[in-house]
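Notes follow once the structure below has been shown.
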Amino acid sequence: MNTQRSYWPYGIMLTFVLFISGTVALIVIACTHRTDLITADYYADELKFQSRLDQLNRTAQLSERVAVSFDAARQSILLALPPATVNAETTGQVHLYRPSAIDRDVVLKLELSATGSQTIDAAGLLPGLWKVRIEWSAENREYFADKQIIVKRGA
């Protein structure tokens with residue numbers, strides 16, 4: 001009498017159990033993963049796209065460029081607007097946008113010095129990539145600049 005056992009049924013059952021477990025795990029991960037849009041009002045922002053292009057073109061035509069840099073020693077962001085667009089009536093805002101964490105975004109009022117520069121304290125910002133979006137208005141003309149910086153800790 002041959003009493004040799006076949007392990008094929010156990011292998012097939014193990015394969016099905018692993019497949020079903022993997023599928024369930026994938027579904028759980030997909031359902032609990034956050035997917036944020038770039039902005040909360042994504043579709044409303046798309047409707048404003050042409051005016052944003054006009055602002056970008058107007059900014060590109062300036063003789064001097066917008067300068068944005070990160071000073072690691074002072075943990076601050078330095079902004080400098082072209083002097084041609086800076087006067088007493090210049091108003092606007094600075095949006096510090098964190099692509100990887102929408103809840104970390106910061107919107108600040110543009111408060112320029114007489115030379116057209118502003119220093120923003122970056123000590124509370126997470127290290128990594130930030131987009132600095134500056135929107136300002138001077139002499140009834142609107143401008144926009146979008147720059148990237150890397151925030152680092154330590155000097």
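Some points to look at:
- Top-ranked residue of segment 78-124 - restricted to ones that are in contact with a His (Cβ under 9 Å, 6 or more places away or on another chain) and β-branched (Val, Ile, Thr), ranked as nearest to Glu135 (Cα to Cα): Val107
- Some residue of segment 77-87 being in contact with a Ser or Thr (Cβ under 8 Å, 6 or more places away or on another chain) and among the small types (Gly, Ala, Ser): yes
- Gln75 closer than 20 Å to Lys131 by Cβ and touching a Leu at 6+ places or on another chain (Cβ under 6 Å): no
- Residue under evaluation Arg141, criteria (1) free of Cβ contacts under 8 Å to residues at least 40 places away in the same chain; (2) loosely packed, with under 14 Cβ neighbours inside 10 Å; (3) touching a helix residue (DSSP H, G or I) at 6+ places or on another chain (Cβ under 9 Å); (4) not acidic (Asp, Glu), criterion not met: (1)
- Filter result (of a type in the set (D, E, K, R) and over 20 Å from Gln148 (Cα atoms)) within segment 59-95: Glu89
- Qualifying strands (runs of 3 or more DSSP E) (wholly inside segment 82-143; at least 3 residues being of a type outside the set (Ser, Thr, Tyr) and closer than 22 Å to Gln55 by Cα): 91-97, 106-109, 128-138
- Leading residue by the ranking (farthest from Arg74 (Cα to Cα)) among those in segment 114-141 that are modelled with pLDDT of 90 or more and hydroxyl-bearing (Ser, Thr, Tyr): Ser137
Per-residue answers, yes or no, for (1) surrounded by 11 or more Cβ atoms within 10 Å (Cβ to Cβ); (2) more than 30 Å from Arg98 (Cα to Cα); (3) in contact with a strand residue (DSSP E or B) (Cβ under 7 Å, 6 or more places away or on another chain); (4) at pLDDT 90 or above:
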position	(1), (2), (3), (4)
Gly11	no, yes, no, yes
Ile29	no, no, no, yes
Ala40	no, no, no, no
Asp45	yes, no, no, no
Arg74	yes, no, no, yes
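The values are calculated or read from the model by the stated rules, or taken from the named source; none is laboratory data. All of these numbers come straight from a predicted model, not from anything done at the bench. Every residue, glycine among them, receives a Cβ derived from its backbone with ideal geometry; neighbour counts consider all protein chains shown.
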